[in-house]
1. For the range 453-496, take the alpha-carbon Rg, divide it by the Kirkwood Rh, and send me Rg/Rh.
2. Could you work out the relative contact order of the range 338-435, using alpha carbon pairs under 8 angstrom and six or more residues apart, expressed as a whole percent?
3. Pick out, in residue order, every one of the trypsin sites (Lys or Arg not before Pro) in the range 245-308 that is DSSP loop and has at most 13 other C-beta atoms within 10 Å; say none if there are none.
4. Express in % the proportion of alpha carbon pairs of the range 249-357 at distances exceeding 19 Å.
5. At a 1.4 Å probe radius, carbon and sulfur cover how many percent of the accessible area of the range 440-528?
6. If you roll a 1.4 angstrom probe over the protein chains with everything in place, what fraction of the accessible area of the range 186-317 belongs to carbon and sulfur, to the nearest %?
7. Give me the log10 of I(q) over I(0) for the range 221-270 at q = 0.29 Å⁻¹, as the Debye formula computes it from C-alpha points; what are the numbers?
8. I'd like the distance separating the alpha-carbon centroids of the range 172-202 and the range 340-411, in whole Å.
Amino acid sequence: MAVALNWHEAAHPSIVWGATGATDTRLRSSPDRIDVEVPVMQAQRWSEATYEVTWITDLDAVDHRVLPPDPDVLTAIGLSHDLNSAIADLVDNSVDAGATSILIRFVLVDGKPRSLLVVDDGRGMSDSQLDQAMTIGRRRSYEGSDLGHFGMGLKSASFSQADILTVLTRAAEAPGIGRRWSRHTRDFICDVIDSGQAEQALASAGPIANSGHGTIVRWDDVREFPTSDNPAVVDDYISRTTQQIRAHLGTTLHALLEQGKVTVTIDAADVTDGSAGAPQTVEAIDPFGYRRSGARGYPKTLWAEVDHRRIALECHIWPARSEALGFRLGGAAEQYQGLYFYRNRRLLEIGGWKSTAIPHRRLQLARVAIDVSENIDLINMNMEKSAVQPKPSLLRGIEKAQAEDGTSFSDYLRDAESAYKLGNTRNTGRPQVVPPGPGIAPEVKRAILEELPILGGREPVAIRWKRLDNTDFFEVDRRAATLWLNSRYRATVNGDRRSSLNDSPLLKAALYLLLEDIFRGTAFGPRDKDNVELWQAVLSAAAQAEADH
């Protein structure tokens with residue numbers, strides 16, 4: 001069919017070609033031709049121009065060519081990863097493989113870091129499964145409970161940090177096998193590792209040696225590794241990086257770690273002399289792990305109505321001025337307010353309101369947990385699983401969400417602001433206290449640090465047991481900053497519970513609150529001595545009465 005465009009001078013000079021309301025356009029048509037007369041500006045002089053448009057419904061193929069991707073594509077994938085998120089992606093794969101023990105190891109040669117290993121005791125892979133896992137651009141099938149999603153995690157995470165990726169694996173009662181990719185390959189040919197060497201490497205890997213099956217992901221030529229010959233520089237890098245990885249994994253995997261189904265450890269080993277540092281365990285860091293809510297009635301579930309579905313928003317308000325690691329998350333608490341998206345108990349993104357609220361320091365106590373495991377279609381997730389963008393329908397649902405008692409999302413934000421204001425007002429009049437020290441349970445210490453301002457530069461007060469020469473219940477040792485409890489009453493206080501450094505948490509918490517100011521003052525005056533004698537007499541009598549019963 002041909003289309004003729006016949007340009008002519010418009011009857012109305014103000015009409016420009018293509019403008020709305022160009023009523024002067026005239027059409028003439030026939031079965032095989034359409035003539036369109038288009039008005040133009042008066043200043044333009046156009047002769048008739050005809051444009052022939054040929055349309056063929058079916059185009060025939062006469063040959064086929066294989067066009068592999070440019071090898072440089074390997075240098076482009078995973079650019080949004082940092083070391084922490086890349087390692088987290090590998091750990092996700094280990095969890096999906098059913099691992100119960102995961103080891104992250106920095107391998108040093110003559111004191112310099114050369115490789116990084118992620119070792120797990122998961123199911124391992126067969127020869128065909130390993131080929132699939134190493135294929136660039138191939139997406140495998142996932143179970144609904146898996147942490148993986150795109151099928152590119154192994155390659156994108158690895159090449160974002162290292163130039164050489166090697167995977168060694170062994171399934172139960174199967175021989176060890178291995179593959180290796182180079183980031184700078186020009187032909188997309190994957191190396192097959194000698195089976196004997198694969199077996200040797202797998203047999204010496206801790207988690208696999210214990211289970212008989214598992215996988216090693218090995219990175220060589222890691223671009224971030226320091227090249228300095230100074231051991232202090234290397235030690236600082238290993239120490240600092242280990243802590244960053246522990247913090248990142250402890251937060252993103254906190255729900256899985258708390259369940260105890262998997263343990264993750266990190267160490268550094270020098271293969272030159274066979275030495276290895278003490279492994280450091282990744283501990284769960286729960287961004288919702290407070291003991292007491294910052295506002296009455298919270299946490300509270302609000303329900304968002306989205307596409308005929310009800311999405312639960314677990315709305316939390318932290319206690320004000322908390323010093324807990326789960327609140328601070330290694331930075332300023334203000335930057336961690338907002339929405340926390342989870343998928344299969346794995347935290348995808350830490351905070352941010354996604355335009356459902358305006359970030360403000362007065363909202364720093366507000367955090368909302370949203371599980372999208374069954375509603376993954378309501379979000380867009382980046383390949384690194386480190387950023388989430390909710391779809392507009394979910395955002396609208398969040399803004400209109402309500403609890404069963406009628407509390408709206410706006411009400412929740414106002415309650416969080418009120419808790420922040422009240423918390424700051426309430427704490428300003430409290431005196432600074434000497435920090436709690438050894439012998440006081442970690443949970444009690446965290447509560448004290450959250451509720452009371454701490455004196456800087458002061459030695460922490462320890463509460464410990466020892467045998468006293470008399471029947472007194474306690475002894476104040478201001479010089480050693482220690483409150484000694486008479487161990488003759490220890491069994492009476494603990495009952496059938498096992499004695500330990502941090503035993504009797506309730507008693508020690510009460511004694512800390514009662515006697516802390518004795519350690520705080522610069523002098524031990526008559527009034528202090530009189531108070532100590534009073535408390536000593538009452539507590540000793542109570543302990544003796546408890547023992548007699």
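The values are calculated or read from the model by the stated rules, or taken from the named source; none is laboratory data. On a predicted model such as this, the values are computed, not experimentally measured, just so you know. Cβ atoms come from the backbone with ideal geometry, glycine included; neighbour counts cover every protein chain shown. Accessible surface is based on the protein model in full, side chains and every heavy atom, while ligands, DNA and RNA are left aside. Shrake-Rupley method; radii C 1.70, N 1.55, O 1.52, S 1.80 Å.
1. On the Cα set of the range 453-496, Rg over Rh gives 1.09.
2. About 26 percent, as a whole number.
3. Lys261, Arg291, Arg292, Arg296
4. The answer is 58 percent, as a whole percent.
5. About 52 percent, which is the carbon plus sulfur part of the accessible surface.
6. C and S atoms contribute 49 percent here.
7. Debye curve over Cα of the range 221-270, log10 I(q)/I(0) at q = 0.29 Å⁻¹: -1.14.
8. 42
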